[in-house]
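The values are calculated or read from the model by the stated rules, or taken from the named source; none is laboratory data. Everything numeric in this text was worked out from a predicted model, so none of it was measured. We place every Cβ from the backbone using ideal geometry, glycine too, and count neighbours over all the protein chains shown.
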Amino acid sequence: MILSNTDLVVHSLWPIVRGAILGTIPLALGSFAIGLVIALGVALLRISKHKVLKSVGTVYVSIIRGTPLLVQLFIIFYGLPNIGVTIPPWPSAIVAFSLNVGGYAAEVIRAAILSVPKGQWEAAYTIGLSWPQSLRRIILPQALRVAVPPLSNTFISLVKDTSLAAVVLVTELLREAQKIAFSENQFLILYSEAAAVYWVLCTILSFGQDKLERRLERSVAI
């Protein structure tokens, strides 16, 4: 049965939204959480006084920021099997996105840590805190206020970047749209609908980002 354009949009909306709920959002959240852990570690390497450790962090950031995310995804999913390492689609996507977030968010976290006045470190040492305790209790909470806006932008960008997971057969928002588009031979309508769903998701996230930033500003003022 040939559907009208309106019927096609209506009938395809739920599968596309379901792809966002079951694929895009979990993929983005999981990758972002893992990426933040990587980013914190790399940021600490970048501010280390040990030259070797600092160089490791610098090279990692340079590689991640200097190569396209799609190429990184291809290397992990299609390239690694050539050396005997085969990773299924979902883990491949999470690994690629997490490593990518780690490279970009590391610079955000590094800048946020360096923005905290050195006197805060000295004050922490004065009251007997060790370096790890000073970082966890004094420095990171202050750095968080600086890092939240750019990290929020990174997450919103990641939500859109998860569309690349379709090339490694991960069933997410764009993949669902692709399957329907091929079966109905209506690419413009289905891809436009997918774009609209991405836009709604990112608009909601931007609204939440604005509220979070205002709350942080109020807490600083207090």
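Taking residue 36, is it assigned to a helix (DSSP H, G or I), of a type in the set (A, V, I, L, M) and in contact with a Phe, Trp or Tyr (Cβ under 9 Å, 6 or more places away or on another chain)? Criteria not met by residue 36.
Within the range 59-73, the set of residues being loosely packed, with under 14 Cβ neighbours inside 10 Å and touching a residue at least 12 places away in the same chain (Cβ under 8 Å) comprises 63, 65, 70.
Could you please find all residues in the range 1-38 being of a type in the set (S, T, N, Q), over 21 Å from residue 151 (Cα atoms) and surrounded by 15 or more Cβ atoms within 10 Å (Cβ to Cβ)? First the steps, then the outcome.
Filtering the range 1-38 down to residues of a type in the set (S, T, N, Q) leaves 4-6, 12, 24, 31.
Keeping just the survivors that are over 21 Å from residue 151 (Cα atoms) gives 4-6, 12.
Hit for the range 1-38 is 12, nothing else.
Scanning the range 118-129 for residues that are among the hydroxyl-bearing types (Ser, Thr, Tyr) and either within 15 Å of residue 47 (Cα to Cα) or surrounded by fewer than 11 Cβ atoms within 10 Å (Cβ to Cβ) (or both) yields a single hit, 126. Among residues of the range 41-58 that are over 16 Å from residue 132 (Cβ atoms), those with a Cβ under 6 angstrom from a residue that is among the basic types (Lys, Arg), sequence gap 6+ or separate chain, pair up as 46/110; 57/46.
Among the candidates 36, 3, 27, 40, the residue that is modelled with pLDDT under 95 and either out of contact with any His (no Cβ under 9 Å at 6 or more places or on another chain) or over 19 Å from residue 163 (Cα atoms) (or both) is uniquely 3.
Scanning the range 154-185 for residues that are more than 20 Å from residue 91 (Cα to Cα), among the hydrophobic types (A, V, I, L, M, F, W, C), free of Cβ contacts under 8 Å to residues at least 40 places away in the same chain and surrounded by 15 or more Cβ atoms within 10 Å (Cβ to Cβ) returns a single hit, 181. Working carefully through the options 188, 212, find the one that is in a helix (DSSP H, G or I) and in contact (Cβ under 8 Å) with a residue 24 or more places away in the chain. Checking each option against the conditions leaves just 212.
Just so you know, in the range 43-56 the residues that are farther than 16 Å from residue 113 by Cβ and either of a type in the set (A, V, I, L, M) or at pLDDT 95 or above (or both) include one that is surrounded by the fewest Cβ atoms within 10 Å (Cβ to Cβ), and it is 52. A single member of 169, 129, 151, 164 is out of contact with any strand residue (DSSP E or B) (no Cβ under 6 Å at 6 or more places or on another chain), modelled with pLDDT under 90, under 19 Å from residue 30 (Cβ atoms) and not acidic (Asp, Glu), and it is 169.
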